[in-house]
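Here is the structure we will look at.
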Amino acid sequence: MSATTLASLYPSHLATLQARAAEALARGGFDHLLVPSGNLHYQLFDDRDYPYAVNPQFKAWLPLTRAPGSWLVVTPGAKPKLLFLQPHDYWHVVPAAPGGHWVEHFDIVVIRTPEEATRHLPKDASRCAILGEPQGMTGDHLPNNPQAVLAYLEYHRAFKTPYEIAMMREASRIGVRAHRAAERAFRAGSSEFGIHLAYCQAAGQDANDLPYGNIVCLNEHAAVLHYTDRDRIPPTQARSFLIDAGASFGGYASDITRTYSAQADEFAALIEAVDAAQLKMCDAVRAGTDYRQLHLDAHLALAGILKDFGVITVSPEAAVQTGVSRAFFPHGIGHGIGLQVHDVAGFAESDHGGTIPKPDGHPYLRLTRVLEPGMVVTIEPGLYFIDMLLDELKAKGQGDAVDWDRVDAFRPCGGIRIEDDVVCTEGVPLNLTREAFATA
Ligand code: GLY
Ligand code: MN
Ligand code: MN
């Protein structure tokens, strides 16, 4: 993605945000939108700070992800203002003066202390919708996070502008580059920790930048959905490798999972079957489709694979109906993604608020909205061999629905997940992840 492309897409992105802000303020009855970038947080009884995470409402406007103590002031009809904190500090690296294609669209005021911001904020705080975290803030301009304003902005954040798609495309490109390096490290016999380092090295990102903690699993560890331990020593025999890891670009996330078998064995065939089913699910990311239906359809497709591989003894339909498929696929088919890896407003009924319920029996689905052009979602089916859930099936008297010898055969490989980031368009969906793998 060239800098000029981003520069050419940015003005209309900003115009969209300004229009949204104007409507959100009108709904809440406010004159100004104030967005503090957020503060550093410190470990208990210690002076060490946690990795800084910028306020997503702030980075929606600017690709600035390391600017604690700064503020954005948006007033309809006026050029947006950035109060940029650049402290006099010789202990830490001071954020560089803002640069890049976007600066000309803002009035930028450099402040030297957090307190100085007050002088440049609208005087009457009661006229301001202030979106932020309350911790560490003082003065009159404390975040009020008005529900009407947040509901409107968060609902519409699901619809990405072309600029945002371009940013996510870049985040996908970086993530895929690192996935390739991770696969090479796996094939070379690295430990989980070593694979993680290879990933970070190739992405040029670590805990300060990555959109979420890398999930790097060898063998049975792939059965732990969010396995974030990392063994320092490689296993005697590495049979399988599941990696769920993303990358950031200018505040936007990618979220990518791949699973590999060490051999061309039956587990490899199972991966291939999930991969083929996943591609069909990605193709179903179409305007007008209820995302909940994609999730339910995924259960049927995955149960079909379990049947084909002899893991279940009942029909796929019966496995879905009786909840057997949920023991093997115990999470949602995906979620919205953008400025946050799990993007906000997944259940939003409208831009006034309200909640679209999850299907009964599917508590982990994170998105229940109808897909529309501009939405970006993950599609991440999985099949796992999780003893806890399989024991529950047995305890419920559903043990006959499973061929336990087949479970024993696959258990040493843990599980499979394949995850892509897919843009809903007016026509065929755009798969950012596959596109990045095809061009890497
Ligand atoms: N990486 C977390 C998820 O896939 O939702
Ligand atoms: Mn995901
Ligand atoms: Mn993921």
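The values are calculated or read from the model by the stated rules, or taken from the named source; none is laboratory data. In this text the structure is predicted, and so the values were computed from the model without any measurement. No Cβ is skipped: glycine too gets one built from the backbone with ideal geometry, and neighbour counts run over all protein chains shown. Keep in mind that these areas ignore ligands, DNA and RNA; they rest on the heavy atoms of the full protein, side chains included. Shrake-Rupley method; radii C 1.70, N 1.55, O 1.52, S 1.80 Å.
Sorted by average packing, counted as other Cβ atoms within 10 angstrom per residue and highest first, what order do 3-15, 300-312, 325-337 take?
Working: 3-15: 15.3, 300-312: 20.2, 325-337: 23.6.
Put in order of decreasing packing, that is 325-337, 300-312, 3-15.
Dipole magnitude of the stretch 1-124 about its Cα centre, charges +1 at Lys/Arg Cβ and -1 at Asp/Glu Cβ only, in debye to the nearest 20?
Charge dipole of the stretch 1-124: 280 debye, to the nearest 20.
Cα to Cα, under 15 Å, and not fewer than 8 places away if on the same chain: which aspartates and glutamates meet these conditions relative to LYS59?
GLU133, GLU154, GLU164, ASP209, ASP343
What is the Cα centroid distance between the stretch 234-254 and the stretch 1-57, reported in whole angstrom?
Centre-to-centre distance over Cα atoms comes out at 28 Å.
Gain in length, GLU372 to TYR42, computed as 0.36 nm per residue apart minus the alpha-carbon separation, to one decimal in nm?
Numbers: separation 330, 0.36 × 330 = 118.80 nm, distance 4.02 nm.
Net length gain for the segment: 114.8 nm.
Roughly speaking, what is the centre-to-centre gap between the stretch 365-431 and the stretch 301-333 when only Cα atoms are used, to the nearest Å?
Rounded to whole Å, the Cα centres lie 10 Å apart.
Carbon and sulfur: what percent of the stretch 91-158's accessible surface (1.4 Å probe)?
Details: 2120 of 3770 Å².
Whole-percent figure for carbon plus sulfur exposure: 56.
Under a cut-off of 20 Å between alpha-carbon atoms, report the lysines in cross-link reach of LYS123, not counting same-chain residues fewer than 8 places apart.
Partners found: LYS79, LYS81.
How big is the charge dipole of the stretch 272-412 about its Cα centre, in debye rounded to the nearest 20, if each Lys and Arg gets +1 on its Cβ and each Asp and Glu gets -1 on its Cβ?
160 debye
What FRET efficiency would be calculated for the residue pair ALA188, ALA78, taking the C-beta separation as r and a Förster radius of 51 Å, to the nearest 0.05?
Step by step, r from the Cβ atoms, then E = 0.35.
Top to bottom by accessible area (1.4 Å), largest first, where do SER126, SER315 land? Working shown, then result.
Details: SER126 75, SER315 50 Å².
Reading off the accessible areas and sorting them downward yields SER126, SER315.
How would the chain be classified by its alpha-carbon gyration tensor: rounded, prolate or oblate, with rounded meaning a/c under 1.5 and the a/b versus b/c comparison settling the rest? Each step should come with its number before you reach the end.
Numbers: a/c = 2.13, a/b = 1.69, b/c = 1.26.
Note, shape of the chain comes out prolate.
Cross-link candidates for LYS280: which lysines have Cα within less than 21 Å, leaving aside residues fewer than 8 places away along the same chain?
LYS307
Counting only protein chains, not ligands or nucleic acids, how are GLU116, GLU435, GLU317, GLU164 ordered by accessible area (probe 1.4 Å), most first?
Order by accessible area, largest first: GLU317, GLU435, GLU116, GLU164.
Leaving ligands and nucleic acids out of the surface, order HIS41, HIS32, HIS88, HIS352 by accessible area at 1.4 Å, largest first. Don't jump to the answer; show the numbers that get you there.
Values: HIS41 65, HIS32 40, HIS88 150, HIS352 125 Å².
Ranked from most to least accessible, the order is HIS88, HIS352, HIS41, HIS32.
To the nearest 500 deg cm²/dmol, what mean residue ellipticity at 222 nm is calculated for the chain from DSSP H runs of n ≥ 4 alone, each contributing -39,500 (n - 2.57), summed and divided by the residues?
The per-residue figure over the chain is -10500 deg cm²/dmol.
Expressed as a rounded percentage, what relative contact order does the chain have, with Cα pairs under 8 Å and six or more residues apart?
Relative contact order, the chain: 16 percent.
With a 1.4 Å probe and all protein chains kept in place, how much accessible area does ASP107 have, in Å² rounded to the nearest 10?
70 Å²
For the stretch 97-152 and the stretch 156-204, what is the separation of their C-alpha centers, rounded to whole Å?
Comparing the Cα centres of the stretch 97-152 and the stretch 156-204, I get a distance of 32 Å.
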